[in-house]
Amino acid sequence: MMSEISQSRQLANFCSNLRFEQIPAEVVDSLLNLFADWAGSCLAGSSSRQAEVFRSFSSQMGPASGPSQIIGTSETSSPLFAAMINAASSHVVEQDDLHNSSILHPATVVFPPLLAAAQALPNVSGKAFIAAAVAGYEAGIRVGEFLGLEHYRVFHMTGTAGTLAAAMAVANLLKLDEEETLNALGSAGTQAAGLWAFLGDAADSKQLHTAKAAADGLLAAWTAKDGLTGAKQIMESPQGMAAGMLASGPPEALTAGLGERWALTETSYKWHASCRHTHPAADAMQRVMRQHQPKIDQIASVRVGVYQAAFDVLGAVSHPRTIHQSKFSMGFVLALIAIKGVAGVQQFTEQALTEDALITLHDKVFMEVEEDINQRYPKQWCASVTVKLLDGRVLNAFVDSPRGDPENPLSREELSVKAYSLVEYYGICSKKKMEGILSAIWALPKRPSIDGLFDCCDG
């Protein structure tokens, strides 16, 4: 009797064998939108202090040039260092995508290593690139769902599950066979890391997590191509990720619906430039302000009903000291929404951190876990907002599908506007040049080669 095939092997087999012709048209369209959305985030973050640190590291440790672009600059490097820098860049401004039930930011760990690897290989077609990206998304999302909420309480999912997502994307691009892809999965899993401890310190570890996930996933796939073996049951072994990393998701999550449920179509886009855990409440606060137009100085308190994970992550930030930390402060985000009307990249500034009105309202916001909201998470990211006014009035709003969710989607036009806003605000390139990049991305299925995809961006 044949022994049952392990879930790790089933997942690796799916990623190894996936080809463009098997992917439904609506999944391809979703993937192209996600790639376009990532491009805006990566370009916007390319001028950040964190990206500059990784570029400095690359200049000291890597080659002077190479086949792979460092997006947003005129510099090139090896695939490894380009993947690392671009992954850090795309996770700085908090505008990259997020998949709800896996609690994973897939784009920032799938596209950087995939693009860097593709630029180092001869004549990678747009279709081959798309298939590889879909493999990375589907694998990463399932690994995230398998690891679950207890894992996420301590580990940053994009650093852990993201390493395996990166490996499976590159493995597909390299056309690794089933055994080699399983080796890549094992090598990725043994490197996976990323802890939430950085948040209370306003540290830069979040960008380190994505940089390492992208680079380590590429390393896992490339070395598997040359014969390096990895653990065959990296997820379910008694000494694997599940055992060592507080896995609490459903055991069948790794393989459920492979080839039938296309999980990447469930991925959400960010509208507000803040941690996704703030978005349901930000939408609810926006609704209160637009419908009732209360005066700011009449607000006595703002109670936010949240799920436990939002409380755990956002509760680590009491009084934000940096722009990035302010994006993880529920009080600061809701104060921006109430006073400025929006919480985009233009509103998160050093000056805003010291504005008296923002600080005063920030101090009036508090979170409480609501059981109904908690039960819906992570499939739904919900929040309630209760604004009490000094005259005794109570204003309420509830949001169960924040802007950008599949149930409340952004159109391709809105994604374009978001991308234009990002690159123009950070001075990376003109709207016209961003239009060229987006047009090239949306035409990807027809491109015989991905070469020149980002040639129109300023460097």
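Values quoted throughout were computed directly from the atomic coordinates according to the rules given, and no laboratory measurement underlies them. Values in this document were obtained by computation on a predicted structure and should not be read as measured data. Note that we place each Cβ from the backbone using ideal geometry, even for glycine, and neighbour counts take in every protein chain shown.
Size descriptors for the stretch 250-389: radius of gyration and Dmax over Cα atoms are 16.4, 54 Å. Computed from phi, the 3J(HN,Hα) profile of the stretch 289-300 under the Karplus parametrisation 6.51, -1.76, 1.60 (θ = phi - 60°) reads 5, 6, 7, 10, 6, x, 6, 4, 6, 9, 7, 8 Hz, with x in place of Gly and Pro. Close amide-amide hydrogen proximity is noted between Leu195 and His156, each under 5 Å apart and 5 or more residues distant or on a separate chain (H modeled in the peptide plane; Pro and chain starts excluded).
At what distance in angstrom do the alpha carbon centres of the stretch 355-412 and the stretch 147-194 lie from each other? Going from one Cα centre to the other spans 33 Å. Phi angles across the stretch 50-56 convert, under the Karplus curve 6.51 cos²θ - 1.76 cosθ + 1.60 with θ = phi - 60°, into 3J(HN,Hα) values of 5, 5, 5, 4, 5, 5, 5 Hz, Gly and Pro given as x. Computed over the stretch 276-399, relative contact order equals 42 percent, with contacts defined as Cα pairs under 8 Å that lie 6+ residues apart. Rounding to the nearest 10 and keeping the result within 0 to 90°, find how far the Cα-based axis of helix 330-340 lies from the longest principal axis of the chain. Compared with the principal axis, the helix lies near 60 degrees. When a footprinting reagent is the concern and you count Cβ atoms within 10 Å, what order do Ser89, Ser59, Ser268 take, fewest first? Going from least to most buried by this count: Ser59, Ser268, Ser89. Between amide H atoms placed 1.01 Å from N, distances below 5 Å from Gly62 occur with no residue 5 or more places distant or on a separate chain.
Each semi-axis of the equivalent ellipsoid for the chain is √(5λ) with λ an eigenvalue of the Cα gyration tensor; in descending order they amount to 36, 25, 19 Å.
If we count GluC sites (Glu not before Pro) as exposed when they sit in a DSSP loop and have at most 14 other beta carbons within 10 Å, what is the longest stretch of the chain that avoids them all?
Segment 5-259 is the longest.
Here the 3J(HN,Hα) profile of the stretch 130-143, calculated from phi with Karplus coefficients 6.51, -1.76 and 1.60 at θ = phi - 60°, is 4, 4, 5, 5, 4, 4, x, 4, 4, 5, x, 4, 5, 5 Hz, Gly and Pro shown as x. I need to check one value: relative contact order of the chain, counting alpha carbon pairs closer than 8 Å and at least 6 residues apart, in percent. Relative contact order here is 20 percent.
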